[in-house]
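First up is the structure itself, then whatever we jot down about it.
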Amino acid sequence: MLTSEQREHLVELRRDFHRYPELAHQEHRTAHLIADRLTDLRLDEVRTGVGQTGVVGILNGARPGRRVLLRADIDALPLTETDRGQSYRSTQPAVHHACGHDGHTAILLTVAELLAARRDAWPGSVTFAFQPAEERVGGAAGMIQDGAIEPRPDASFGLHLWNEIPVGRIDVRPGPIFASADAFVVELCSTGGHAAMPHQVADPVMASAQLIVALQTLVSRESPPLEPAVLTIGSIHGGSAPNIIPTRVELQGTLRAFAPELRDRLLSRLRELVASVASTFRVESHVRMTDSCPACINNVEMAELVQRVAESIAGADNVTGDQRTMGADDMSLFLNDVPGCYFFVGAANSERGLDSPHHSPAFDFDERALDIGVQTLASVALEFLNGG
Ligand SMILES: [Zn+2]
Ligand SMILES: [Zn+2]
């Protein structure tokens, strides 16, 4: 599908984004390059500043028809990239495309190029959504608020390059693939007092210890054993000296689940548990939700369509359906409003040392995955527009 010239350009594009990574909602250079390229390709509409630094392009085909949305995330992470002698290493201190979003951006721009070149040959319309701030899980909400899914598409698709599986493989499955993520802060408060006179004062440190243990029962006792859920307390702060009972302890954590009903139930049980443990130990409690993102749930028919296309590109033996993660991705907000499918494109190559985990300083991937990503995403869009 791609000429060797297009393939070279695709790699160059990815390497350029890789050299100049930008953090969430600071993707000004990236957005500028995207908008310029879409304008050069003569899209029917190019909108910038969508959800702060997002870009939306609309491309109409030869005649009216279905509307499909393709999404790529464009932001990088606050990490210093390991120097492995690669010519395209990040030039920005402590910023690194350590999740492959440079690849996603290059892939979607190349899909736009292919579809624009053949616009007389297909019906309907394509919305290209270049989303900022996925890593802070806030970018999709802002884009949707700013009209990224108006006019409303009939289907939405996106891919994630994935170092958990080797290059050449594509993984697609119906149902949940990324979990919901709800970040919370719990405050436990008391009047404070002398460490040697604990009977005079409520102790928020003791309450926090009991609460951390009690919260794990949300997973071990409240969740059905066959339904995945995770609760992690990642931060705890309180106190200033060994002989003082402090006035305040703060816990921060995250709750993950696949099933929306389970998520709702665990969130309400979390509040109940905090209130009851706090009252048992005579401290005051407050729960604040700071960030939330629903689970990424693939539509059954759309997943079948992607699977069919993936088999035609990668071969049936190379299409699997076993990748799920309790990580979160706000592609879920698009999938919540527009039925669709988010899938994984294998990107690891252990022989070449390109298999470091996502979000690690040494993360990099086999660039052959770019070509596979372009072919799959472009074919998925055409298959849907042609009524597949
Ligand atoms: Zn990531
Ligand atoms: Zn990512």
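A few comments on the model shown:
- The fewest-to-most ranking of Cys189, Cys99, Cys296 by surrounding Cβ atoms within 10 Å reads Cys189, Cys99, Cys296.
- Spacing of the two label points (7 Å from each Cα toward its C-beta) at Arg368 and Thr232, in nm: 3.2
- Residues Glu164 and Glu311, FRET efficiency given R0 of 25 Å [Cβ-Cβ distance, rounded to 0.05]: 0.80
- Our summary gives the stretch 180-293 a relative contact order of 46 percent, counting only alpha carbon pairs under 8 angstrom and 6 or more residues apart.
- Nearest-0.05 FRET efficiency for Gln252 and Asp154, computed from C-beta distance (R0 35 Å): 0.30
- Counted over all Cα-Cα pairs of the chain, pairs farther apart than 36 Å make up 30 percent.
- Likely footprinting exposure, Met302, Met197, Met289, fewest C-beta neighbours within 10 Å first: Met197, Met289, Met302
- Residues Trp162, Trp122, ranked from the fewest to the most other C-beta atoms within 10 Å, line up as Trp122, Trp162.
- Calculated FRET efficiency, Arg47 to Arg352, Cβ-Cβ distance, R0 = 56 Å: about 0.90 to the nearest 0.05.
- Full-extension gain in nm, Asp291 to Val11, via 0.36 nm per residue minus C-alpha separation: 97.3 nm
- log₁₀ of I(q)/I(0) at q = 0.26, 0.30 Å⁻¹ - the stretch 191-243, Debye sum with one point per alpha carbon: -1.04, -1.20
- Estimated Rh, the stretch 180-293: Kirkwood, alpha-carbon pairs, angstrom: 14.6
- Comparing Gly158, Gly373, Gly238 in a Gaussian network model of the chain (Cα springs below 10 Å), the most mobile by mean-square fluctuation is Gly238.
- Residue of Glu367, Glu187, Glu272 that the Gaussian network model of the chain assigns the largest fluctuation, springs spanning Cα pairs under 10 Å: Glu272
- GNM top mover of Thr127, Thr105, Thr232 - the chain, alpha-carbon springs below 10 Å: Thr232
- Degrees separating the helix 300-314 axis from the principal Cα axis of the chain, which is the longest one: 50
Values in this text are rule-based calculations from the coordinates and carry no lab data. All values reported here derive from a predicted model rather than from experimental measurement. So basically every Cβ, Gly included, is an ideal-geometry build from the backbone, and we count neighbours across all protein chains shown.
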